[in-house]
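The values are calculated or read from the model by the stated rules, or taken from the named source; none is laboratory data. These figures come from a predicted structure and were not determined experimentally. FYI the Cβ positions are ideal-geometry reconstructions off the backbone, even for glycines, and counts take in every protein chain you see. For the accessible areas, the whole protein counts, side chains as well, though only heavy atoms, and no ligand, DNA or RNA atoms are used. Shrake-Rupley method; radii C 1.70, N 1.55, O 1.52, S 1.80 Å.
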Amino acid sequence: MSKGLVFNIQRYSVHDGGGIRTIIFLKGCPLKCPWCSNPESRKAVAPTTWTKNGKTETVGSWCTTDELVDEVMKDEIFYRTSGGGVTLSGGEVLMQADFAADLLSEFNYLGVHTAIETTGCFPLREIKKLTPYLQQVLFDLKIMDAKSSKRVIGSKIEMVKENFEFLLSQDHLEVIPRIPLIPGYTTEPENISALIKYLQNLEVKEVHLLPFHQYGSSKYDYLGWEYTMKDTNTLTQTEINEIKNEFEDAGIHTNVDGLE
(Lines give C-alpha, C1' and ligand atoms only; values in the text may rest on other atoms or scores of the structure.)
Protein backbone atom coordinates (compact mmCIF):
# COMPACT_ATOMS: atom_id res chain seq x y z
CA MET A 1 0.00 0.00 0.00
CA SER A 2 1.53 3.30 -1.09
CA LYS A 3 1.84 6.41 1.03
CA GLY A 4 1.85 10.06 0.07
CA LEU A 5 2.61 13.30 1.89
CA VAL A 6 -0.52 15.43 2.27
CA PHE A 7 -0.58 18.93 3.75
CA ASN A 8 -4.29 19.71 3.57
CA ILE A 9 -7.68 18.21 2.78
CA GLN A 10 -10.41 20.67 1.86
CA ARG A 11 -13.97 19.42 1.78
CA TYR A 12 -17.08 20.89 0.17
CA SER A 13 -15.13 22.85 -2.45
CA VAL A 14 -17.00 24.14 -5.50
CA HIS A 15 -14.12 25.87 -7.31
CA ASP A 16 -11.70 23.14 -8.40
CA GLY A 17 -13.68 21.03 -10.84
CA GLY A 18 -17.42 20.47 -11.25
CA GLY A 19 -19.89 19.96 -8.41
CA ILE A 20 -19.01 19.56 -4.74
CA ARG A 21 -15.50 18.24 -4.37
CA THR A 22 -12.86 17.19 -1.87
CA ILE A 23 -9.43 18.64 -2.61
CA ILE A 24 -6.36 16.68 -1.50
CA PHE A 25 -3.25 18.86 -1.41
CA LEU A 26 -0.04 16.94 -2.00
CA LYS A 27 3.27 18.23 -0.65
CA GLY A 28 6.18 19.19 -2.88
CA CYS A 29 6.74 21.57 -5.78
CA PRO A 30 9.94 22.35 -7.70
CA LEU A 31 8.77 25.78 -8.86
CA LYS A 32 9.47 29.15 -7.22
CA CYS A 33 6.53 31.31 -8.29
CA PRO A 34 6.82 34.57 -6.30
CA TRP A 35 3.02 34.71 -5.95
CA CYS A 36 2.56 31.16 -4.62
CA SER A 37 -0.38 31.02 -2.20
CA ASN A 38 0.67 27.64 -0.77
CA PRO A 39 4.37 28.20 0.01
CA GLU A 40 4.23 25.48 2.67
CA SER A 41 3.92 22.99 -0.18
CA ARG A 42 7.08 24.04 -1.97
CA LYS A 43 10.41 22.27 -2.33
CA ALA A 44 10.91 18.62 -1.36
CA VAL A 45 8.35 15.96 -0.53
CA ALA A 46 9.10 16.24 3.18
CA PRO A 47 7.28 17.74 6.17
CA THR A 48 7.81 21.45 6.77
CA THR A 49 7.67 23.34 10.05
CA TRP A 50 6.34 26.82 10.58
CA THR A 51 5.57 29.01 13.58
CA LYS A 52 1.92 30.04 13.72
CA ASN A 53 0.43 32.04 16.61
CA GLY A 54 3.59 31.41 18.62
CA LYS A 55 3.39 27.65 18.18
CA THR A 56 5.66 25.50 16.00
CA GLU A 57 3.67 23.16 13.78
CA THR A 58 4.55 20.43 11.31
CA VAL A 59 2.96 20.86 7.90
CA GLY A 60 2.37 17.60 6.07
CA SER A 61 1.57 14.06 7.14
CA TRP A 62 2.04 10.70 5.46
CA CYS A 63 -1.22 9.04 4.47
CA THR A 64 -2.01 5.72 2.82
CA THR A 65 -4.33 5.43 -0.15
CA ASP A 66 -6.83 3.57 2.02
CA GLU A 67 -6.86 6.34 4.62
CA LEU A 68 -7.51 8.99 2.02
CA VAL A 69 -10.15 6.97 0.20
CA ASP A 70 -11.99 6.40 3.49
CA GLU A 71 -11.87 10.13 4.26
CA VAL A 72 -13.03 11.23 0.83
CA MET A 73 -15.83 8.68 0.57
CA LYS A 74 -17.49 10.08 3.70
CA ASP A 75 -18.98 12.65 1.35
CA GLU A 76 -19.90 10.28 -1.46
CA ILE A 77 -23.54 11.39 -1.42
CA PHE A 78 -22.50 14.96 -2.26
CA TYR A 79 -20.43 13.82 -5.24
CA ARG A 80 -23.29 11.69 -6.56
CA THR A 81 -25.94 14.39 -6.24
CA SER A 82 -23.84 17.34 -7.46
CA GLY A 83 -21.68 15.74 -10.13
CA GLY A 84 -18.63 16.38 -7.97
CA GLY A 85 -15.70 14.23 -6.98
CA VAL A 86 -12.10 14.45 -5.86
CA THR A 87 -9.34 16.79 -7.07
CA LEU A 88 -5.64 16.31 -6.38
CA SER A 89 -3.80 19.60 -5.98
CA GLY A 90 -0.59 20.82 -4.39
CA GLY A 91 2.10 21.80 -4.45
CA GLU A 92 2.56 19.99 -7.73
CA VAL A 93 0.80 16.64 -8.07
CA LEU A 94 3.51 15.32 -10.39
CA MET A 95 6.06 15.46 -7.55
CA GLN A 96 4.22 12.40 -6.20
CA ALA A 97 3.07 10.96 -9.51
CA ASP A 98 3.21 7.29 -8.52
CA PHE A 99 1.20 7.86 -5.37
CA ALA A 100 -1.23 10.12 -7.21
CA ALA A 101 -1.78 7.43 -9.83
CA ASP A 102 -2.48 4.81 -7.16
CA LEU A 103 -4.94 7.12 -5.42
CA LEU A 104 -6.72 8.14 -8.61
CA SER A 105 -7.05 4.52 -9.68
CA GLU A 106 -8.90 3.77 -6.43
CA PHE A 107 -11.36 6.60 -6.96
CA ASN A 108 -11.75 5.67 -10.59
CA TYR A 109 -12.64 2.11 -9.55
CA LEU A 110 -15.24 3.49 -7.12
CA GLY A 111 -16.81 5.59 -9.86
CA VAL A 112 -15.83 8.93 -8.33
CA HIS A 113 -15.10 11.75 -10.78
CA THR A 114 -11.38 12.55 -10.68
CA ALA A 115 -9.45 15.72 -11.48
CA ILE A 116 -6.00 17.18 -10.91
CA GLU A 117 -4.51 20.63 -10.84
CA THR A 118 -1.05 20.74 -12.40
CA THR A 119 1.58 23.06 -13.79
CA GLY A 120 2.85 20.36 -16.16
CA CYS A 121 6.44 21.00 -15.10
CA PHE A 122 7.65 17.39 -15.19
CA PRO A 123 8.57 15.07 -18.08
CA LEU A 124 5.64 13.62 -20.02
CA ARG A 125 6.18 10.14 -18.57
CA GLU A 126 4.98 11.38 -15.17
CA ILE A 127 1.63 12.73 -16.31
CA LYS A 128 1.06 9.62 -18.42
CA LYS A 129 0.96 7.64 -15.16
CA LEU A 130 -2.16 9.56 -14.13
CA THR A 131 -4.17 10.00 -17.31
CA PRO A 132 -5.81 6.53 -17.40
CA TYR A 133 -7.59 7.38 -14.14
CA LEU A 134 -8.57 10.99 -14.85
CA GLN A 135 -11.64 12.72 -16.22
CA GLN A 136 -10.51 16.34 -15.88
CA VAL A 137 -7.29 18.33 -15.76
CA LEU A 138 -7.03 21.95 -14.60
CA PHE A 139 -3.79 23.01 -16.24
CA ASP A 140 -1.88 26.17 -15.31
CA LEU A 141 -0.35 28.26 -18.06
CA LYS A 142 1.76 31.12 -16.77
CA ILE A 143 4.74 32.74 -18.49
CA MET A 144 5.07 31.80 -22.15
CA ASP A 145 8.53 33.22 -22.88
CA ALA A 146 11.04 30.43 -22.34
CA LYS A 147 13.78 32.50 -20.70
CA SER A 148 11.42 34.40 -18.42
CA SER A 149 9.57 31.24 -17.42
CA LYS A 150 12.81 29.54 -16.41
CA ARG A 151 14.18 32.61 -14.61
CA VAL A 152 11.06 33.69 -12.72
CA ILE A 153 9.34 30.43 -11.81
CA GLY A 154 11.83 27.71 -12.73
CA SER A 155 9.59 26.09 -15.33
CA LYS A 156 10.57 24.87 -18.81
CA ILE A 157 7.77 26.13 -21.04
CA GLU A 158 8.49 23.59 -23.79
CA MET A 159 7.92 20.77 -21.30
CA VAL A 160 4.72 22.46 -20.13
CA LYS A 161 3.51 22.71 -23.73
CA GLU A 162 4.33 19.07 -24.43
CA ASN A 163 2.27 17.96 -21.44
CA PHE A 164 -0.62 20.28 -22.27
CA GLU A 165 -0.79 19.19 -25.88
CA PHE A 166 -0.62 15.52 -24.93
CA LEU A 167 -3.54 15.97 -22.55
CA LEU A 168 -5.56 17.73 -25.22
CA SER A 169 -5.07 14.70 -27.47
CA GLN A 170 -6.73 12.38 -24.93
CA ASP A 171 -10.36 12.06 -25.97
CA HIS A 172 -11.58 10.97 -22.52
CA LEU A 173 -10.18 14.06 -20.79
CA GLU A 174 -11.64 17.49 -20.21
CA VAL A 175 -8.69 19.88 -20.13
CA ILE A 176 -9.21 23.42 -18.85
CA PRO A 177 -6.29 25.86 -19.06
CA ARG A 178 -6.07 28.25 -16.12
CA ILE A 179 -4.09 31.47 -16.18
CA PRO A 180 -3.14 33.23 -12.95
CA LEU A 181 -3.32 36.97 -13.60
CA ILE A 182 -0.18 38.22 -11.86
CA PRO A 183 0.63 41.94 -12.30
CA GLY A 184 4.08 42.45 -13.76
CA TYR A 185 4.37 38.83 -14.82
CA THR A 186 1.56 37.01 -16.59
CA THR A 187 -0.55 40.10 -17.32
CA GLU A 188 2.06 41.79 -19.50
CA PRO A 189 0.54 42.49 -22.94
CA GLU A 190 3.07 40.34 -24.78
CA ASN A 191 2.37 37.40 -22.47
CA ILE A 192 -1.40 37.69 -22.87
CA SER A 193 -0.96 37.85 -26.64
CA ALA A 194 1.30 34.79 -26.61
CA LEU A 195 -1.22 32.86 -24.50
CA ILE A 196 -4.09 33.74 -26.81
CA LYS A 197 -2.14 32.81 -29.93
CA TYR A 198 -1.05 29.50 -28.40
CA LEU A 199 -4.57 28.55 -27.35
CA GLN A 200 -6.04 29.62 -30.67
CA ASN A 201 -3.55 27.46 -32.57
CA LEU A 202 -4.66 24.48 -30.48
CA GLU A 203 -8.33 25.38 -31.00
CA VAL A 204 -8.91 25.62 -27.24
CA LYS A 205 -12.35 27.11 -26.59
CA GLU A 206 -12.33 27.77 -22.84
CA VAL A 207 -9.98 29.29 -20.30
CA HIS A 208 -10.21 30.20 -16.62
CA LEU A 209 -8.57 33.38 -15.34
CA LEU A 210 -7.40 33.45 -11.72
CA PRO A 211 -6.85 37.04 -10.52
CA PHE A 212 -3.94 37.67 -8.16
CA HIS A 213 -4.77 37.79 -4.45
CA GLN A 214 -2.86 38.17 -1.20
CA TYR A 215 -4.59 35.31 0.65
CA GLY A 216 -1.41 33.33 1.27
CA SER A 217 0.81 36.21 2.34
CA SER A 218 0.69 35.43 6.08
CA LYS A 219 2.09 31.95 5.41
CA TYR A 220 5.43 33.46 4.44
CA ASP A 221 5.64 35.02 7.90
CA TYR A 222 4.91 31.64 9.50
CA LEU A 223 7.73 30.10 7.43
CA GLY A 224 10.14 32.98 8.04
CA TRP A 225 10.41 33.63 4.31
CA GLU A 226 10.38 36.92 2.45
CA TYR A 227 7.19 37.57 0.48
CA THR A 228 8.24 39.69 -2.48
CA MET A 229 4.67 40.35 -3.68
CA LYS A 230 3.50 42.14 -0.53
CA ASP A 231 3.39 45.55 -2.24
CA THR A 232 1.72 44.27 -5.42
CA ASN A 233 -1.78 45.60 -5.90
CA THR A 234 -4.62 43.34 -6.92
CA LEU A 235 -6.12 43.98 -10.33
CA THR A 236 -9.13 46.24 -10.64
CA GLN A 237 -12.33 44.83 -12.09
CA THR A 238 -11.76 46.99 -15.15
CA GLU A 239 -8.30 45.49 -15.69
CA ILE A 240 -9.66 41.96 -15.29
CA ASN A 241 -12.48 42.67 -17.73
CA GLU A 242 -10.05 44.05 -20.31
CA ILE A 243 -8.02 40.83 -20.23
CA LYS A 244 -11.17 38.74 -20.30
CA ASN A 245 -12.39 40.63 -23.34
CA GLU A 246 -9.13 39.94 -25.17
CA PHE A 247 -9.71 36.22 -24.83
CA GLU A 248 -13.39 36.50 -25.66
CA ASP A 249 -12.61 38.55 -28.78
CA ALA A 250 -10.28 35.73 -29.85
CA GLY A 251 -13.14 33.25 -29.63
CA ILE A 252 -12.12 31.74 -26.28
CA HIS A 253 -14.88 31.52 -23.67
CA THR A 254 -13.49 32.95 -20.44
CA ASN A 255 -14.44 32.31 -16.82
CA VAL A 256 -12.98 34.56 -14.15
CA ASP A 257 -11.78 32.54 -11.15
CA GLY A 258 -13.66 29.57 -12.55
CA LEU A 259 -16.92 30.94 -11.20
CA GLU A 260 -18.79 32.06 -14.30
Among what's in region 151-172 and is farther than 17 Å from residue 94 by Cα and touching a residue at least 12 places away in the same chain (Cβ under 8 Å), pick the residue that is surrounded by the most Cβ atoms within 10 Å (Cβ to Cβ).
-> 152
For residue 87, are the conditions met, namely being more than 27 Å from residue 179 (Cα to Cα) and outside any helix (DSSP H, G or I)?
-> no
Among residues of region 189-234, those that are in a loop (DSSP other than H, G, I, E, B) and under 25 Å from residue 40 (Cβ atoms), counted = 16
Considering residues of region 13-49 that are among the hydroxyl-bearing types (Ser, Thr, Tyr) and more than 18 Å from residue 69 (Cβ to Cβ) only, the residue surrounded by the fewest Cβ atoms within 10 Å (Cβ to Cβ) | 49
Residues satisfying the stated conditions in region 1-39, i.e. in contact with a Pro (Cβ under 9 Å, 6 or more places away or on another chain), of a type in the set (A, V, I, L, M, F, W, C) and not in a strand (DSSP E or B) = 33, 35
Considering only residues that are more than 23 Å from the chain's Cα centre (by Cα) and not small (Gly, Ala, Ser), look in region 222-236 and name the one that is surrounded by the most Cβ atoms within 10 Å (Cβ to Cβ).
-> 236
Looking at residue 148, is it over 30 Å from residue 84 (Cβ atoms), open to solvent by less than 40 Å² (accessible area, probe 1.4 Å) and either part of a helix (DSSP H, G or I) or modelled with pLDDT of 95 or more (or both)?
-> yes
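The rows are residues; the columns are (1) modelled with pLDDT of 95 or more; (2) under 19 Å from the mean Cα position of the chain (by Cα); (3) not acidic (Asp, Glu).
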{"residue": "43", "(1), (2), (3)": "no, yes, yes"}
{"residue": "50", "(1), (2), (3)": "yes, no, yes"}
{"residue": "80", "(1), (2), (3)": "no, no, yes"}
{"residue": "100", "(1), (2), (3)": "yes, yes, yes"}
{"residue": "114", "(1), (2), (3)": "yes, yes, yes"}
Here are 153, 127, 143: which of them is touching a Ser or Thr at 6+ places or on another chain (Cβ under 9 Å) and either under 21 Å from residue 2 (Cβ atoms) or not aliphatic (A, V, I, L, M) (or both)?
-> 127
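Take the residues in region 238-260 that are within 19 Å of residue 15 (Cβ to Cβ) and not in a strand (DSSP E or B); name whichever of them is modelled with the lowest pLDDT.
The selected residue is 260.
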Could you tell me whether any residue of region 78-86 is hydroxyl-bearing (Ser, Thr, Tyr) and in contact with a Ser or Thr (Cβ under 6 Å, 6 or more places away or on another chain)?
-> no
Could you tell me whether region 106-129 includes any residue that is surrounded by fewer than 16 Cβ atoms within 10 Å (Cβ to Cβ), among the hydroxyl-bearing types (Ser, Thr, Tyr) and assigned to a helix (DSSP H, G or I)?
-> yes
Any residue at all in region 52-63 that is in contact with a Cys (Cβ under 8 Å, 6 or more places away or on another chain), open to solvent by less than 50 Å² (accessible area, probe 1.4 Å) and of a type outside the set (Asp, Glu)?
-> no
